[in-house]
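For reference, the structure is listed below as structure tokens.
The values are calculated or read from the model by the stated rules, or taken from the named source; none is laboratory data. Fair warning: this is a prediction, and the values are worked out from it, not measured in the lab. Note that each Cβ is placed from the backbone with ideal geometry, even for glycine, and that neighbours are counted across all protein chains shown. The area values use the complete protein model at the heavy-atom level, side chains included, leaving out ligands, DNA and RNA. Shrake-Rupley method; radii C 1.70, N 1.55, O 1.52, S 1.80 Å.
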Amino acid sequence: MPKLTIDGIEVEVPAGSTVLQAAESIGIEIPRFCYHERLSIAGNCRMCLVEVSPGPPKPAASCALPVAEGMIVKTDSPLAVKARKGVMEFLLINHPLDCPICDQGGECDLQDQALAFGYDRSRYNEPKRAVEEKYMGPLVSTEMTRCIHCTRCIRFATEVAGVPELGAVGRGEHMEVTTYVERAIDSELSGNLVDLCPVGALTNKAYAYIARPWELKKTESIDVFDAVGTNIRIDSRGGEVLRVLPRINEDVNEEWLADKGRYAIDGLKRQRLDRPYVRKDGRLQPATWAEAFGAIAERVKGASGASMAALAGDMACAESMVLLRDLMSSLGSRSLDCRQDGAAFDVTQRESYLFNSGIAGIDEADALLIVGSNPRWEAPVINARIRKRYLRGGFKVAMIGEPRDLTYKHENLGAGVDVLRQVAAGTHPFAEVLKVAERPMIILGMGALTRPDGAAVLALANTLATDLGVVKDGWNGFNVLHTAAARVGGLEAGFVPGPNGRDLEGILKGCESGAVDFVYLLGADEIPMARLGKAFVVYQGSHGDAGAMRADVVLPGAAYTEKDATYVNTEGRCQRTHRAVFPPGDAREDWAILRALSEVLGHKLPQDSLAQVRDRLASVSAVFDDDTAVPVSAWGTFGEPGGEPGELADAPFESVITTYYMTDPISRASRTMAECTEVYGKGNQQRTGTNG
Amino acid sequence: MSSHAPDPNVPEPASFAFTEANMVEATKIIAKYPAGRQRSAVMPLLDIAQRQEGWLSRTAMDYVADLLSVPPIRVYEVATFYTMYRLRPTGKHHIELCTNIACWLRGSDDVKRAAEDVFGVPFGSSNDDVTLEEVECAGACVNAPVVAYKDDYYEDLTYDTAKALFQAMKDGKPLTPGSQIGRQTSCPEGGPTTLKESA
């Protein structure tokens, strides 16, 4: 490990580090534009110049300078500062002075660094460069005259997002960052370009000219548009969520955020349920809370528990699910299901429904088999992590399912169940790859488990994992990739059929036959509403979507930005959202609605505060308890009873997501997401940009 | 970019493919690079495409990208960086006159005038017949002023010799490349001035 001196402080860093990294390790921040720790080093902005000896008597770019034994670095010597001032002056030659109308104003690297290294007046009297507008799709707006050519966006698109569509054409002063063919960036991570851009060249189209960063209230929260549990920051002003940014969490999302989580938020302002409704004379009529609760109480009175059922949707929080479970069981009903897609997990074994290796575990894996999933759409951030691992080399990826462009090279083994059976039996060549791998991994998507034969597929995957060493000492590479933020929380909270209870299929069949005549939908919108038959339907949720349309009583709930709620991500990581804004109108936090309803129904729940609800959650599963470690159970067999592969249908594996930009009530209500669907096409990855 | 940028009014050809002979040439060039590094062949291949088509259309660049299995944008980047890749069609006669300091001091303005007189169009303009283009240093300063035409340099021009040269181009007569005053390569004008006697 070379030892060097930076600003008089001696530091020892691993060989191969750069001077900039070494300085950072002792808390010395060197200004930079092009350097980004998650991208390759470009060394083209020259802002990070430092004075280094021994060496040529001129400043060196610290981001691209490897450390060497005995180096003496001065980061703010007069020479270094003068050099940076020169660089800044050159950068500002062609940068417009339009900060007052620029969206980046207030959070602009160039602005901040110009304060430190800029001269207070310009010596440049010649005409400035102007660059033609570029089109980069419905999410990213461009003002390329502001571009300082740091190439972060190009490197992000090429390296992280895996869509090499951005490039720098021309040269020198005439260099322009562009797609050249004027088309939308075909990535589910394109919003991150906005975060990476150190100036106002790439900005958030949906947030254009809306607010200044210092006006915003910043609330740390969790994204619920997929099951990754991306850590986010919600920026709001007044009662409005204005934008969402990712937070850094190395174990989950690093610092990326998928486009749906960032851009679907305008859906929070549309189609909202802001007051209770009760169906009278065949039409939903506005009502008061008392009337709505009264209507439910009347229906429930004297009804048998066996005729009642509850389903939870993809964005339901764990708090509301545990209270609804308690309420239903006090009413005598055991028919609950949080799997509105009918996925077949073994709810008694956590390993059967978790991303066991953890998302960070992808970094360690050396072979991967994806079954029935399109991670690019189901969890773009996880897909980027897989790509990152792929780029490091020594990582074989294969996929069983429809051919998809996953942004990294992989072998498509076919879409049929046969292939999976062959791999499990060890007769397929890829079985050998998994067997010899030190840390093999399998990702089982919802496309494999929501089929009618899902339980048999699960059993087959279980056999495969056991036989091919996917699960071994100190490594569990059996990973289930969920698509719904609420799912694992629901499973942990026990929102599953009790003894003699009906599951989703049972409930739907019961409704059709009339055996079930009361259904409580907790934000469940993606079920076949027609199959609910004549049942009395209560819908509690935030948006007027399919569920509310069918409901007899509508109870307006809070969206994820409007409540303190618990979500468990696909790894089984318990995370909490925080309220950024209040729910609209008469809408209330979901746990409070259930608590109030329970009193009207005469089965008062004992929890009077959120803390008590969380205590209740903690008593149901250790996952929800911050103080208790979650016990790791032994790897067992699961799937169809006995672990035997049952009858397998021949249908090919398909991803459950057919339109990335519209998967839930919020994104369906979002105008931005509708535009994206228009531009990027539905159900396929064909480019339909203006020139595509 | 400016004059180098593609002309939006010029339609893209519907398709592009190397001729058989060019394909043989391209295959040879690609084979020079180790496996997995075929993208290094991008510049010579673009040159072949430009020679075949007269200019580099996006269709041709996409073809080259496809041939080398690189994203098209990586080819556009190269093609737009170098001004000798033509992103818009040129006239039948493409005359490139150096006007950098050495050529300018040695009378490139006269050569410019000669071209305008012969072809009857202002310098810097382009039509189907002729493209009169100003280029940066051609790297032949000793024999300034210099004109590049097809793959040859025409050096030591004056108004008269340039006019004769351009007229010959226009009439399709054979041309003599190199110095127009009989200078041998870049020897001093009028023969050696030093080291005349051997020791």
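What to note about this one:
- Scope segment A:619-640; condition of a type in the set (Gly, Ala, Ser) and surrounded by fewer than 16 Cβ atoms within 10 Å (Cβ to Cβ); matching residues: A:Ser619, A:Ala622, A:Ala629, A:Ser633, A:Ala634, A:Gly636
- Taking the criterion of being at the interface with chain B (Cβ under 7 Å from one of its Cβ atoms), over 19 Å from A:Ser40 (Cα atoms) and not charged (D, E, K, R), the residues of segment A:147-174 that qualify are A:Val169, A:Gly170, A:His174.
- Within the option set A:Asn479, A:Asn462, being over 23 Å from A:Pro583 (Cα atoms) and modelled with pLDDT of 95 or more holds for one residue only, A:Asn479.
- Helices (runs of 4 or more DSSP H) fully within segment A:366-462 counting 3 or more residues that are not hydrophobic (A, V, I, L, M, F, W, C): A:375-378, A:380-391, A:417-425, A:429-436
- Only a single criterion out of (1) surrounded by 20 or more Cβ atoms within 10 Å (Cβ to Cβ); (2) in contact (Cβ under 8 Å) with a residue 24 or more places away in the chain is not satisfied by A:Val169, namely (2).
- Pair list, Cβ < 6 Å and 6+ apart or interchain, from segment B:147-175 residues that are open to solvent by 20 Å² or more (accessible area, probe 1.4 Å) to residues that are polar (S, T, N, Q): B:Glu155/B:Asn143; B:Glu155/B:Ser179; B:Thr161/B:Gln180
- Residues located in segment B:12-32, provided they are exposed (fewer than 13 other Cβ atoms within 10 Å of the Cβ) and either part of a helix (DSSP H, G or I) or among the β-branched types (Val, Ile, Thr) (or both): B:Thr19, B:Glu20, B:Ala21, B:Val24, B:Thr27, B:Lys28, B:Ala31
- Test: residue in segment A:566-586 that is in a loop (DSSP other than H, G, I, E, B), touching a residue at least 40 places away in the same chain (Cβ under 8 Å), among the β-branched types (Val, Ile, Thr) and surrounded by fewer than 23 Cβ atoms within 10 Å (Cβ to Cβ): yes
- Search result, residues across segment A:133-146 that are farther than 21 Å from A:Leu245 by Cα and either among the acidic types (Asp, Glu) or open to solvent by 20 Å² or more (accessible area, probe 1.4 Å) (or both): A:Glu133, A:Lys134, A:Tyr135, A:Thr145
- Here segment A:193-222 is the region considered, the condition is being open to solvent by 50 Å² or more (accessible area, probe 1.4 Å) and of a type in the set (Phe, Trp, Tyr), and the residue that is farthest from the other protein chains (Cβ to nearest Cβ) is A:Trp214.
- Odd one out for B:Ala79 among (1) part of a helix (DSSP H, G or I); (2) over 15 Å from the mean Cα position of the chain (by Cα): (2)
- Qualifying residue in segment A:466-484 (condition: out of contact with any His (no Cβ under 7 Å at 6 or more places or on another chain) and part of a helix (DSSP H, G or I)): yes
- The set of residues in segment A:175-192 that are within 8 Å of chain B (Cβ to nearest Cβ), open to solvent by 10 Å² or more (accessible area, probe 1.4 Å) and modelled with pLDDT under 90 comprises A:Tyr180, A:Val181.
- Scanning segment B:69-128 for residues that are β-branched (Val, Ile, Thr) and either more than 14 Å from chain A (Cβ to nearest Cβ) or in contact (Cβ under 8 Å) with a residue 60 or more places away in the chain (or both) yields a total of 9.
- Single match in A:Met144, A:Met136 (criterion: within 14 Å of chain B (Cβ to nearest Cβ), of a type in the set (A, V, I, L, M) and closer than 28 Å to A:Thr658 by Cα): A:Met136
- Of all residues making up segment B:47-59, the number that are open to solvent by less than 10 Å² (accessible area, probe 1.4 Å) and within 14 Å of chain A (Cβ to nearest Cβ): 2
- Of all residues in segment A:101-131, those that are in a loop (DSSP other than H, G, I, E, B) and over 36 Å from the mean Cα position of the chain (by Cα) total 13.
- Scanning segment A:44-90 for residues being open to solvent by less than 30 Å² (accessible area, probe 1.4 Å) and in a helix (DSSP H, G or I) gives a total of 8.
Let's see how each residue does on (1) more than 30 Å from A:Tyr263 (Cβ to Cβ); (2) touching a Pro at 6+ places or on another chain (Cβ under 9 Å):
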| position | (1), (2) |
| --- | --- |
| A:Gly27 | yes, no |
| A:Ser53 | yes, no |
| A:Pro56 | yes, no |
| A:Gly70 | yes, yes |
| A:Arg84 | yes, yes |
| A:Asp109 | no, yes |
| A:Gln113 | no, yes |
| A:Tyr124 | yes, no |
| A:Glu132 | no, no |
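- Wholly within segment A:139-238, strands (runs of 3 or more DSSP E) carrying at least 3 residues that are under 22 Å from A:Asn249 (Cα atoms): A:217-222, A:231-237
- Close pairs (8 angstrom Cβ cut-off, 6 or more residues apart or separate chains): more than 14 Å from A:Phe33 (Cα to Cα) and of a type outside the set (Val, Ile, Thr) in segment A:92-120, open to solvent by 30 Å² or more (accessible area, probe 1.4 Å) and not in a helix (DSSP H, G or I) anywhere: A:Asn94/A:Lys128; A:Asn94/A:Arg129; A:Pro96/A:Lys128; A:Cys102/A:Glu143; A:Asp103/A:Ala208; A:Asp103/A:Tyr209; A:Gly105/A:Arg212; A:Gly106/A:Arg212
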